[in-house]
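Below is one structure, written out as structure tokens; the observations come after it.
The values are calculated or read from the model by the stated rules, or taken from the named source; none is laboratory data. What you are looking at is a predicted structure, and each value in this text was computed from that prediction instead of being measured. So basically every Cβ, Gly included, is an ideal-geometry build from the backbone, and we count neighbours across all protein chains shown. Calculation scope for accessible area: heavy atoms of the full protein, side chains included, ligands and nucleic acids excluded. Shrake-Rupley method; radii C 1.70, N 1.55, O 1.52, S 1.80 Å.
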Amino acid sequence: MTQRDIRKVAVIGAGTMGPGMAATFARNGFDTALYDVKPEQLDKAKGAVDFVYTILTGGGFMTSDDADAGRARTAYTTDLAEALQGADFVVETVPEKKDLKQQVFQEIEALVGDDVILATNTSGIPITEIASVTRVPGRVVGMHWSNPPHLIPVIEVIRGQETTDETAQATTEIVEKIGMVPAIVDRDVAGFVENRILYAIMREALHLLDEGVASAEAIDTITKWGIGYKLAVIGPLELLDVAGLDIYTSVASYLNKDLNASPGISQTVTDKVAEGKLGIKTQGGLFDYTPEKIQQLQQQRGRKLVAARKALSDA
């Protein structure tokens, strides 16, 4: 199967990622079904899709006519069979629980033909484990989007142990078709590439916070305006060549031993979770929020991500 065979996409799960993913498929010409078991979640998803299109039209990535066309191509349903009817490509984005994902894949597989590609947006569960409960594991592939999915260009295409070349190639082609940047992950390791690197950064950042080395504000400022600013243009492995492998060897010889390698969770985080302070969803986590501030941050971050993507694309 290649991209010319894929006309309808089904997105299974309308939570944090589903609406942005569905909006991206639909605005790029695919008939798209967005499924969720909860009617109220689908109602929220419609508003989320409108917000996505507002951000993208405001950033110059699409016109209002494009947005209307995307809405027209999007169907919302609580009926899984209806969502899957005629689908050529299915991507699951339900909560990050292996048993749940395996159950969903079995339900999907019972309703589609053997030539339909089944992708998972898992953040880190090995694709091979999800595919192990399916009848045709070769058509199962990882398709890991980043949040917000309509703005972050890279999508990891992860090969499970049984994923066929045809499945990986067709998934790569559909990523390109929707204007995103595919990155092939050849070995199926937990967390894949993006989250392994991201969680290493977050572990060290939290360790520095736990040890009182700097405030949360200072750590984020240094990361955004130093590390993040550079890494948006020069990847970490490219940066090694820029700095010099001899310099890296010298610094790493003493610094690596001092970096946090604890397998545990930061005490700051465990304390916050125990207090019920989970982040934006509870209006308090490592930082404090009001409903007004949350809305302001979402709009501000959306505008900045749009501007950053345009700047990097034009470079």
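Yes or no, residue by residue, for (1) in a loop (DSSP other than H, G, I, E, B); (2) modelled with pLDDT under 95; (3) open to solvent by less than 20 Å² (accessible area, probe 1.4 Å):
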{"site": "55", "(1), (2), (3)": "no, yes, no"}
{"site": "70", "(1), (2), (3)": "no, no, yes"}
{"site": "99", "(1), (2), (3)": "no, no, no"}
{"site": "160", "(1), (2), (3)": "yes, no, yes"}
Any idea which of 31, 88, 65 is among the acidic types (Asp, Glu), open to solvent by less than 60 Å² (accessible area, probe 1.4 Å) and at pLDDT 95 or above?
88
Would you check which residues across the range 1-10 are at pLDDT 95 or above and either open to solvent by 10 Å² or more (accessible area, probe 1.4 Å) or within 23 Å of residue 281 (Cα to Cα) (or both) and list them?
8
Scan the range 101-126 and report the pairs whose first residue is among the small types (Gly, Ala, Ser) and part of a loop (DSSP other than H, G, I, E, B) and whose second residue is at pLDDT 95 or above and open to solvent by less than 50 Å² (accessible area, probe 1.4 Å), with Cβ atoms within less than 6 Å and a gap of 6+ or a chain change.
123/195; 124/191; 124/195
Output for the range 72-85, where each listed residue is in a helix (DSSP H, G or I) and either within 23 Å of the chain's Cα centre (by Cα) or crowded, with 21+ Cβ neighbours inside 10 Å (or both)
80, 83, 84
Give the residue that is farthest from the chain's Cα centre (by Cα), with candidates limited to residues of the range 173-226 that are among the small types (Gly, Ala, Ser) and outside any loop (DSSP other than H, G, I, E, B).
218
Please go through the range 184-218 and give me each residue that is touching a strand residue (DSSP E or B) at 6+ places or on another chain (Cβ under 8 Å) and either closer than 12 Å to residue 261 by Cα or open to solvent by 60 Å² or more (accessible area, probe 1.4 Å) (or both), ordered by number.
184, 193
Selection status of residue 281, within 24 Å of the chain's Cα centre (by Cα) and either free of Cβ contacts under 8 Å to residues at least 60 places away in the same chain or surrounded by 10 or more Cβ atoms within 10 Å (Cβ to Cβ) (or both)
yes
Out of 254, 229, report the one residue that is of a type outside the set (Lys, Arg), without any contact (Cβ under 8 Å) to a residue 24 or more places away in the chain and either in a loop (DSSP other than H, G, I, E, B) or within 29 Å of residue 307 (Cβ to Cβ) (or both).
229
Out of 268, 249, I need the residue that is assigned to a helix (DSSP H, G or I), more than 23 Å from residue 152 (Cβ to Cβ) and in contact (Cβ under 8 Å) with a residue 40 or more places away in the chain. Which one?
268
Count, please, the residues in the range 1-53 that happen to be touching a Lys or Arg at 6+ places or on another chain (Cβ under 6 Å) and assigned to a helix (DSSP H, G or I).
2
Of everything in the range 40-51 that's at pLDDT 95 or above and out of contact with any strand residue (DSSP E or B) (no Cβ under 9 Å at 6 or more places or on another chain), which residue is surrounded by the most Cβ atoms within 10 Å (Cβ to Cβ)?
48
Right, residue 13: in contact (Cβ under 8 Å) with a residue 40 or more places away in the chain, surrounded by 22 or more Cβ atoms within 10 Å (Cβ to Cβ) and more than 19 Å from the chain's Cα centre (by Cα) or not?
no
Open to solvent by 30 Å² or more (accessible area, probe 1.4 Å), more than 20 Å from residue 80 (Cβ to Cβ) and at pLDDT 95 or above: which single residue out of 126, 137 fits that description?
137
Which numbered condition residue 295 fails, given (1) over 22 Å from residue 20 (Cβ atoms); (2) at pLDDT below 95:
(1)
